[in-house]
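The values are calculated or read from the model by the stated rules, or taken from the named source; none is laboratory data. Predicted, not measured: the structure shown is a model, and the values here were computed from it. A quick note on method: Cβ atoms are made from the backbone with ideal geometry, for glycine too, and the neighbour counts reach across all protein chains shown. Remember, those area values only see protein heavy atoms, side chains included, never the ligands or the DNA or RNA. Shrake-Rupley method; radii C 1.70, N 1.55, O 1.52, S 1.80 Å.
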Amino acid sequence: MNTKLQGDRGELLAVEFLGEAGFRILERNYRFGRGEIDIVAEEAGELVFVEVKTRDSLRFGEPEESVGGAKEQRLCRAAEGYCMERAMTDRFYRFDIVAIRFEKGLTVVKHLRNAF
């Protein structure tokens, strides 16, 4: 499976996972400048910006390990843009990562709250 299809499949699984966990999905693939937020959701009144990382092996490490400083900065700027565009600058928000691994016919989903 190519990486685009794998990423799309991972995002769909993340949306389902978060929905079942009680999150309300507000938007997907929000873009601001050079940044993109995979999922914008709400949980118990708190705004949650979710980065989804999907892998089919651990050859390059755990999926969540690929979210580093530069990526975090782009996500923060995109989150600020989202809040400004929607007049939500007074809302508390956090950043979560949903890490998905497809391995040996199994799907492993890990949710990291307040990831950074």
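Peptide packing for 86-95, 33-42 was compared via the average number of neighbouring C-beta atoms within 10 Å per residue; ordered from the highest value, the list is 33-42, 86-95.
Of the peptides 59-67, 13-21, how do they stack up when ordered by the mean number of other Cβ atoms within 10 Å, highest first? Walk me through the intermediate numbers first.
Numbers: 59-67: 13.4, 13-21: 16.1.
In decreasing order of mean packing, 59-67, 13-21 become 13-21, 59-67.
Of all beta bridges that DSSP places with both ends in region 53-116, some 70 percent have antiparallel geometry. Spin-label model, L5/I25: points 7 Å from Cα along the beta carbon direction are separated by 2.0 nm.
Counting only the Cα atoms, the chain fills a convex hull of 100 Å³ per residue.
Take every Cα pair under 8 Å whose residues are at least 6 apart in sequence, average their separation, divide by the length of the chain, and the relative contact order is 24 percent.
Here the gap between R94 and V109, fully extended at 0.36 nm per residue and compared with their Cα-Cα distance, gives a gain of 3.5 nm.
For region 1-78, the solvent-accessible area works out to 56 Å² per residue, with a probe of 1.4 Å and every protein chain left in place. What shape does region 1-60 take by its C-alpha gyration tensor, where a ≥ b ≥ c are the square roots of the eigenvalues and a/c under 1.5 counts as rounded, a/b above b/c as prolate, and the rest as oblate? Oblate, because a/c is 1.5 or more while a/b does not exceed b/c.
For region 34-116, what % of the accessible area comes from carbon and sulfur atoms, probe 1.4 Å? Each step should come with its number before you reach the end.
Numbers: 2180 of 4490 Å².
After summing per-atom areas, the C and S share lands at 49 percent.
In summary, the aspartates and glutamates within cross-link reach of K104, defined as a Cα separation below 13 angstrom excluding same-chain residues under 8 places away, comprise D56.
In the chain, helical runs assigned H by DSSP with n ≥ 4 each contribute -39500 (n - 2.57); averaged across all residues and rounded to the nearest 500, the mean residue ellipticity at 222 nm is -10000 deg cm²/dmol.
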